[in-house]
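Asks: I have a structure I would like to understand better, so I am pasting it below and will then ask my questions one at a time.
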Amino acid sequence: MNNSIWKIQKKGYDQLTKNLKVQVVVVGGGIAGFLTAHELSNRGFEGVLLEANQILEGVTEKTTAFIAGLQGILYQKLNKTYGLSLAKKYFKLHENAIYEYEKLVQEHNIICEFTKLPAYLFTRKSSKSLIKEFDTLKKIGTGVNYLTKLQNVPIKINGVIKLENQAMFHPLKFLMGLPINFTIYEHSQVVHFNLKQKVLYTNLAKVEAEHIVFATHFPLFTCPNLFPFKMYQSKSYCLAVSNTQNLEGLYIEDTSDGLTLRNYKHHIIIGGGDHNTCEIKKVSPYKNLKKEADKLFNKSPVHYEWETQDCMTMDELPYIDRLNKTYPNVFIITGFNKWGMAKALMGSKIIADLMQNKQNEFYELCAINRKAAIKNPVKTLGHALNSVWNLFVSFCGVPIENYKNLKNNEGGIFLVKGKKRGVYRDETGKFYFVNARCSHLKCELNFDPHNKTFVCPCHGSLYDIEGNVLREPAIKPISVNKN
Ligand SMILES: Cc1cc2nc3c(=O)[nH]c(=O)nc-3n(C[C@H](O)[C@H](O)[C@H](O)COP(=O)(O)OP(=O)(O)OC[C@H]3O[C@@H](n4cnc5c(N)ncnc54)[C@H](O)[C@@H]3O)c2cc1C
């Protein structure tokens with residue numbers, strides 16, 4: 001089941017079928033693309049937004065939609081890597097985003113359950129690093145409090161930081177309520193582009209633009225900027241249980257795979273189980289999440305469960321910038337590290353300011369040339385080794401098992417008539433064959449038994465059992481003729 005609580009009925013948009021010349025083209029119809037199109041149309045730009053599938057059905061539909069400045073043990077890392085003034089700026093970006101969201105909700109009368117409430121960052125482990133985080137937040141001047149108990153959630157904790165005036169909302173109701181003057185095209189995947197000439201191609205048409213903004217979540221290209229070496233993807237899982245208990249806050253555990261909790265109407269949303277997309281978990285992460293939910297909320301029934309993956313950078317800051325001097329009119333907005341609500345909104349303003357050659361106080365947080373990889377050598381090396389290993393396996397590894405031994409509903413990578421193939425056997429015994437290598441950078445794929453998909457362990461591209469692309473950065477399918 002991948003059934004998000006945020007799913008709503010939306011109107012459909014046409015597919016692009018004729019060539020266009022436009023001022024701006026935004027590629028990607030998630031929160032980043034939507035808010036960028038909104039900001040640019042407000043500033044008088046005209047253009048189009050191209051979405052590969054249907055708008056707002058990517059990661060944005062599967063978020064938990066906290067708008068919060070507390071984000072795990074982050075500020076002490078930012079302080080160590082870049083200094084206190086940058087950590088302070090990161091906090092300010094979130095404060096400004098909450099203010100801007102509230103303003104937009106009021107200005108356009110958007111009914112999206114936007115609510116201000118405190119956020120709590122808690123630990124169930126030793127409180128040492130939480131106390132350090134608290135000290136850093138104090139130095140930044142954030143008005144946080146340190147507590148030893150949670151009032152409204154029955155979790156036994158060893159410490160908690162409280163920050164007032166954070167926010168939550170229904171992300172899709174908000175975005176659908178926002179006026180956007182750009183023409184939106186759905187089912188219009190960008191399959192090829194020439195950045196120098198500023199031309200994009202879908203399967204049916206060509207778009208020439210003065211400015212291009214890539215808001216496709218993971219960048220579609222390797223050069224310039226070598227994004228695949230600086231970024232990876234991480235998965236997360238969510239449940240919504242039917243329960244009317246008011247938690248009166250947003251709850252964030254301090255570990256990278258820890259819990260998050262919030263209310264939405266008569267439900268409590270529980271997130272967690274995060275892991276790098278290079279890992280395939282033997283036991284479905286929903287099982288552990290369900291165990292936690294049962295313990296905390298007396299076996300309340302699960303009404304929704306959903307999962308998705310987000311782009312991670314080595315220093316946990318985003319990339320929102322123009323590509324470089326060679327491509328001054330091509331922009332990118334990505335790398336939200338599971339905290340995309342504030343970054344997408346403030347990032348849309350950064351992109352618009354760059355386009356208009358204006359200064360933006362948050363630009364330095366998001367600049368591509370900030371040496372994030374060099375300043376985080378262990379993480380960068382780990383990611384590089386993972387990619388190299390998966391390339392090595394792809395070209396040198398030889399599967400030894402026979403695919404015909406697969407049971408129904410199983411899959412994997414096998415040698416089929418001398419070629420490596422991804423193979424899946426469905427519930428009726430029928431076999432499906434796909435290319436075993438990702439069409440992005442040729443890493444060997446893994447089979448995910450929980451979702452019946454093929455996953456790239458290097459950058460998280462996702463394919464269905466017929467080889468169709470479900471998630472970027474891959475653009476091309478990996479289908480082969482059925483045997
Ligand atoms: C489980 C989970 C919980 C989260 N919770 C929070 C939270 O509480 N608060 C918070 O701030 N952040 C949160 N985040 C992060 C946030 O949800 C994401 O960072 C954000 O939604 C990403 O938005 P996006 O627009 O970049 O990506 P998407 O929403 O995925 O949009 C990208 C779009 O680009 C399209 N596309 C891709 N390739 C092409 C192509 N070739 N041509 C045309 N279109 C293309 C895709 O189809 C997609 O629609 C969470 C993330 C996860 C995984």
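Asks: Can you tell me how many residues in segment 388-440 are hydroxyl-bearing (Ser, Thr, Tyr) and part of a strand (DSSP E or B)?
Replies: Going through segment 388-440, the residues hydroxyl-bearing (Ser, Thr, Tyr) turn out to be 394, 403, 424, 428, 432, 439.
After this cut, where a residue has to be part of a strand (DSSP E or B) as well, the list is 424, 432.
Within segment 388-440, residues that are hydroxyl-bearing (Ser, Thr, Tyr) and part of a strand (DSSP E or B) number 2.
Asks: While we're looking at this one, here's another question. For the structure I just gave you, tell me whether residue 39 is farther than 25 Å from residue 190 by Cβ and touching a residue at least 40 places away in the same chain (Cβ under 8 Å). Reasoning before the result, please.
Replies: Working: farther than 25 Å from residue 190 by Cβ: no; touching a residue at least 40 places away in the same chain (Cβ under 8 Å): yes.
Against the criterion (farther than 25 Å from residue 190 by Cβ and touching a residue at least 40 places away in the same chain (Cβ under 8 Å)), residue 39 does not qualify.
Asks: Looking only at segment 197-220, count how many residues are farther than 19 Å from residue 351 by Cα, of a type outside the set (Val, Ile, Thr) and part of a loop (DSSP other than H, G, I, E, B).
Replies: 4
Asks: Of all residues in segment 400-412, which are surrounded by 15 or more Cβ atoms within 10 Å (Cβ to Cβ) and closer than 16 Å to residue 451 by Cβ?
Replies: 410, 411, 412, listed by residue number.
Asks: Could you list all residues from segment 465-475 that are within 15 Å of the ligand (Cβ to nearest atom), touching a residue at least 24 places away in the same chain (Cβ under 8 Å) and within 16 Å of residue 433 (Cα to Cα)? Full working, then the answer.
Replies: Residues of segment 465-475 that are within 15 Å of the ligand (Cβ to nearest atom), as a first pass: 468-475.
Then drop every residue that is not touching a residue at least 24 places away in the same chain (Cβ under 8 Å), which leaves 469, 471-475.
Once the filter is applied, which keeps residues that are within 15 Å of the ligand (Cβ to nearest atom), touching a residue at least 24 places away in the same chain (Cβ under 8 Å) and within 16 Å of residue 433 (Cα to Cα), segment 465-475 yields only 469.
Asks: Follow-up. Where residues in segment 257-279 are out of contact with any helix residue (DSSP H, G or I) (no Cβ under 9 Å at 6 or more places or on another chain) and under 16 Å from residue 386 (Cβ atoms), which of them is nearest to the ligand (Cβ to nearest atom)?
Replies: The qualifying residue nearest to the ligand (Cβ to nearest atom) is 277.
Asks: Quick one: in segment 210-246, of everything that is among the hydrophobic types (A, V, I, L, M, F, W, C) and away from the ligand (no atom under 14 Å from the Cβ), which residue is modelled with the highest pLDDT? Walk me through it before giving the result.
Replies: We begin by selecting, within segment 210-246, every residue among the hydrophobic types (A, V, I, L, M, F, W, C); these are 212-215, 218, 220-221, 223, 226-227, 229, 231, 238-241.
Subset that is away from the ligand (no atom under 14 Å from the Cβ): 223, 226, 229, 241.
Numbers: 223: 92, 226: 93, 229: 92, 241: 98.
Among residues in segment 210-246 that are among the hydrophobic types (A, V, I, L, M, F, W, C) and away from the ligand (no atom under 14 Å from the Cβ), the one modelled with the highest pLDDT is 241.
Asks: Can you tell me how many residues in segment 61-78 are more than 20 Å from residue 167 (Cβ to Cβ), surrounded by 19 or more Cβ atoms within 10 Å (Cβ to Cβ) and among the basic types (Lys, Arg)? I'd like the intermediate steps shown before the answer.
Replies: To start, the set of residues in segment 61-78 that are more than 20 Å from residue 167 (Cβ to Cβ) comprises 73, 76-78.
Okay, now just the ones that are also surrounded by 19 or more Cβ atoms within 10 Å (Cβ to Cβ), so 78.
Add one more test, that the residue is among the basic types (Lys, Arg), and what stays is none.
Selection size over segment 61-78: 0.
Asks: Out of everything in segment 10-55 that is surrounded by fewer than 21 Cβ atoms within 10 Å (Cβ to Cβ) and closer than 28 Å to residue 241 by Cβ, what residue ends up being nearest to the ligand (Cβ to nearest atom)?
Replies: Among those residues, the one meeting the criterion is 54.
Asks: Follow-up question, since we're still on this one. Cβ-Cβ under 8 Å, sequence separation 6+ or interchain: first residue in segment 397-413 and more than 16 Å from residue 464 (Cα to Cα) and touching a residue at least 40 places away in the same chain (Cβ under 8 Å), partner buried (at least 17 other Cβ atoms within 10 Å of the Cβ) and not polar (S, T, N, Q). Which pairs?
Replies: Every condition considered, the pairs that remain are 397/444.
Asks: Just checking, which of 129, 188 is of a type in the set (Gly, Ala, Ser), more than 30 Å from residue 265 (Cα to Cα) and within 15 Å of the ligand (Cβ to nearest atom)?
Replies: After ruling out the rest, the residue left standing is 188.
Asks: If I filter segment 318-348 down to residues being surrounded by fewer than 24 Cβ atoms within 10 Å (Cβ to Cβ) and of a type in the set (Lys, Arg), which single residue comes out as nearest to residue 27 (Cα to Cα)?
Replies: Restricting to residues being surrounded by fewer than 24 Cβ atoms within 10 Å (Cβ to Cβ) and of a type in the set (Lys, Arg), the top hit is 322.
Asks: A further question follows. Which condition from (1) free of Cβ contacts under 8 Å to residues at least 12 places away in the same chain; (2) crowded, with 18+ Cβ neighbours inside 10 Å is the one that residue 371 breaks?
Replies: Just one mismatch for residue 371, condition (2).
Asks: Does segment 21-34 contain any residue that is farther than 19 Å from residue 333 by Cα and touching a residue at least 40 places away in the same chain (Cβ under 8 Å)? Full working, then the answer.
Replies: Taking segment 21-34 first, the residues farther than 19 Å from residue 333 by Cα are 21-22.
Subsequent filtering for residues that are touching a residue at least 40 places away in the same chain (Cβ under 8 Å) retains 21-22.
Scanning segment 21-34 turns up at least one residue that is farther than 19 Å from residue 333 by Cα and touching a residue at least 40 places away in the same chain (Cβ under 8 Å).
Asks: Could you please let me know if residue 87 is touching a Leu at 6+ places or on another chain (Cβ under 8 Å), away from the ligand (no atom under 11 Å from the Cβ), at pLDDT 95 or above and small (Gly, Ala, Ser)?
Replies: Values: touching a Leu at 6+ places or on another chain (Cβ under 8 Å): yes; away from the ligand (no atom under 11 Å from the Cβ): yes; at pLDDT 95 or above: yes; small (Gly, Ala, Ser): yes.
For residue 87, the condition - touching a Leu at 6+ places or on another chain (Cβ under 8 Å), away from the ligand (no atom under 11 Å from the Cβ), at pLDDT 95 or above and small (Gly, Ala, Ser) - is met.
Asks: Could you list all residues from segment 304-348 that are in contact (Cβ under 8 Å) with a residue 12 or more places away in the chain, more than 10 Å from the ligand (Cβ to nearest atom) and in a loop (DSSP other than H, G, I, E, B)?
Replies: 314, 315, 316, 317, 326
Asks: Looking at this structure, is residue 260 touching a residue at least 12 places away in the same chain (Cβ under 8 Å), closer than 25 Å to residue 163 by Cα and within 23 Å of the chain's Cα centre (by Cα)? Before you say what the answer is, go through the steps one by one.
Replies: Numbers: touching a residue at least 12 places away in the same chain (Cβ under 8 Å): yes; closer than 25 Å to residue 163 by Cα: yes; within 23 Å of the chain's Cα centre (by Cα): yes.
So residue 260 fits the description; yes.
Asks: Given (1) away from the ligand (no atom under 14 Å from the Cβ); (2) assigned by TED's automatic domain parsing to the domain that holds residue 265; (3) within 22 Å of residue 258 (Cα to Cα), identify the lone condition not met by residue 73.
Replies: (2)
Asks: Do we have any residue at all in segment 228-236 that's within 19 Å of the chain's Cα centre (by Cα) and either among the aliphatic types (A, V, I, L, M) or in a loop (DSSP other than H, G, I, E, B) (or both)? Don't jump to the end; show me each part of the working.
Replies: Initial filter on segment 228-236 (within 19 Å of the chain's Cα centre (by Cα)): 228-236.
Now narrow it down to the ones that are either among the aliphatic types (A, V, I, L, M) or in a loop (DSSP other than H, G, I, E, B) (or both): 231.
Yes - at least one qualifying residue is present in segment 228-236.
Asks: Okay, moving on. Residue 61 fails exactly one of the following numbered conditions: (1) outside any loop (DSSP other than H, G, I, E, B); (2) within 15 Å of the chain's Cα centre (by Cα); (3) within 17 Å of residue 190 (Cα to Cα); (4) among the charged types (D, E, K, R). What is the number of that condition?
Replies: (3)
Asks: Could I ask something else about it? Could we say that residue 81 is β-branched (Val, Ile, Thr), crowded, with 23+ Cβ neighbours inside 10 Å, within 20 Å of residue 339 (Cα to Cα) and in contact (Cβ under 8 Å) with a residue 40 or more places away in the chain here?
Replies: When the stated conditions are applied, residue 81 does not pass them.
Asks: Got a number for residues in segment 104-126 being among the small types (Gly, Ala, Ser) and surrounded by 19 or more Cβ atoms within 10 Å (Cβ to Cβ)? Steps first, answer last, please.
Replies: In the first step, residues of segment 104-126 are kept if they are among the small types (Gly, Ala, Ser); the result is 119, 126.
So of that shortlist, the ones also surrounded by 19 or more Cβ atoms within 10 Å (Cβ to Cβ) come out as 119.
Result for segment 104-126: 1.
Asks: Please verify whether segment 441-451 includes one or more residues that are within 16 Å of the ligand (Cβ to nearest atom), assigned to a strand (DSSP E or B) and modelled with pLDDT of 95 or more.
Replies: Of all residues in segment 441-451, those within 16 Å of the ligand (Cβ to nearest atom) come to 441, 448, 450-451.
Checking which are assigned to a strand (DSSP E or B) leaves us with 448.
Those left that are additionally modelled with pLDDT of 95 or more: 448.
Among the residues of segment 441-451, at least one is within 16 Å of the ligand (Cβ to nearest atom), assigned to a strand (DSSP E or B) and modelled with pLDDT of 95 or more, which makes the answer yes.
The values are calculated or read from the model by the stated rules, or taken from the named source; none is laboratory data. Computed from a predicted model, the values in this text were never measured in an experiment. Cβ coordinates were reconstructed from backbone atoms using ideal geometry, including for glycine residues, and neighbour counts include every protein chain displayed.
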